[in-house]
1. Mind checking the angle between helix 29-40 and the chain's longest principal axis? C-alpha axes, 0 to 90 degrees, to the nearest 10.
2. Using the Cα gyration tensor of the range 180-330, with a ≥ b ≥ c the square roots of its eigenvalues, what is the shape: rounded (a/c below 1.5), prolate (a/b larger than b/c) or oblate (neither)?
3. When you count, for each residue, the other Cβ atoms within 10 Å and take the mean per peptide, how do 93-99, 203-209, 278-284 rank with the highest first?
4. In vacuum, with every alpha carbon of the range 222-284 counted as one equal point scatterer, what does the Debye formula give for log10 I(q)/I(0) at q = 0.16, 0.23 Å⁻¹? Two decimals, please.
5. If packing is taken as the mean number of other Cβ atoms within 10 Å per residue, what is the order of 141-149, 124-132, 76-84, highest first?
6. When only C-alpha pairs under 8 Å and at least 6 residues apart count, what is the relative contact order of the chain, in percent?
7. Using helices alone, what [θ] at 222 nm do you get for the chain, with -39,500 (n - 2.57) per DSSP H run of 4 or more residues, divided over all residues and rounded to the nearest 500?
8. Going by how many other beta carbons lie within 10 Å of each one, how would you line up 52, 328, fewest first?
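Just so you know, all these numbers are worked out from the coordinates, no wet-lab data involved. Worth saying up front: this structure is predicted, and the values here are computed from it rather than measured. Note that each Cβ is placed from the backbone with ideal geometry, even for glycine, and that neighbours are counted across all protein chains shown.
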Amino acid sequence: MWVIYHKDTLLHQTVELIGAKLIPALESPARIEAILKVLEEDEENTIQYLHDKQNPDNLPFPKCEPLSHDLVQELLTKTHDFSYLEHLKTAHAAWVAQGLVEEDDCILPECFRPPTNTTGSRSEQPPEDIFARMGYYAFDMSSGLSKGSWKAILASATIAVEAARLLTVPTMVALQSPYFKIQNTVLALCRPPGHHCDTKMSGGYCYVNNAVLAVEALHHYLNGQYPGLLLIPKVAILDLDFHHGNGTQDYFYSNSAVLYVSIHGLNEFPYYSGFEEETGRDSGRGFNCNYPIPVKTSAEEYMAVLKAAMDKIQDFQPDFLIVSLGFDTFRLDPLGSFDLDTEDYETMARCVRSSDELRSIPAIIMLEGGYVFENLGENMKSFLKGWKGNVESDHAVFKLD
């Protein structure tokens, strides 16, 4: 398994207001550290450390240039609101400069934008007040910013773009070989996660939408290989986090080239989306499928729903698959949960990759939630065991004509 990691994802450390208590955010660097520790122990994994640009062994294929920082910024600006990105980049430093917080403090929103049906005339304009802007660009109290947040957000975005590059750019098996290979599956250790971000505001620990970036990067790389053609690949996004990916749904809601399928907790965060009647809009109608299920759903019941979701994806016949993988579905998770244990993630992955049609599709496994640090590594190991158990190779090999 090719795994992508960047050490700057560990720089984001915040607090949150949850259950009327101000606590260190459950979404912490310890999540990535726990998963990485287990992955590094498995010699079958190839881990690409994006921050180590000087090591040629860290490049995904021979004579590969390191991923361009300018390209990541370009794709971010293309998919996300520019003023929102500037806010994420500068807000904490601005608070420190005005003496409102110390450098090591975290800033949180205190006043959110009003509903659109109110009589205020400025609800769609960023406010001038520095305190108000935090709430304008967020929808909950789990979206704080610290001095390391922007670097971590940018690192997470870079991982998503690099994952797309690995799935689309040919790699030489040998310098003189007439064959080339592309990665069949890439594990993207994104942090912060992304599926709650609608590309205009943060919430649910999410600041930029990594799945949105990956789809845009797939377009960029595919069309770069075939100049003069406009290729629009069909992408299926399977969201297996306990919480509905409201941001991903919003972004692709009118898009028939992207199928969004989510299995998540019924009437759980983010509370106002994720219901069965949300099926898409205009040309995207029928390409958004929600499967809300009750808390404490058993593994057997969950797998039955997953099978129905996979039938939907198979009918779509995608060119690429993105799995937004959250382990807050684990039975002990403080923000979940379903009645899933470690061994059930192997079964889950086997189900996702079970059909002949879907087994060979290039896929990105993208980390979302999961907050039981002691079990995160083993849960990921179990999922990857099931995934690799249904795939003959980590690569798809093609012959160049």
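1. 10
2. prolate
3. Going by the mean number of other Cβ atoms within 10 Å, highest first, we get 203-209, 278-284, 93-99.
4. Computed log10 I(q)/I(0) values: -0.58, -0.94.
5. Values: 141-149: 22.2, 124-132: 12.4, 76-84: 16.4.
Descending mean neighbour count gives 141-149, 76-84, 124-132.
6. Relative contact order of the chain: 17 percent.
7. Mean residue ellipticity, 222 nm, calculated: -11000 deg cm²/dmol.
8. Numbers: 52 13, 328 24.
Least crowded to most crowded, the residues run 52, 328.
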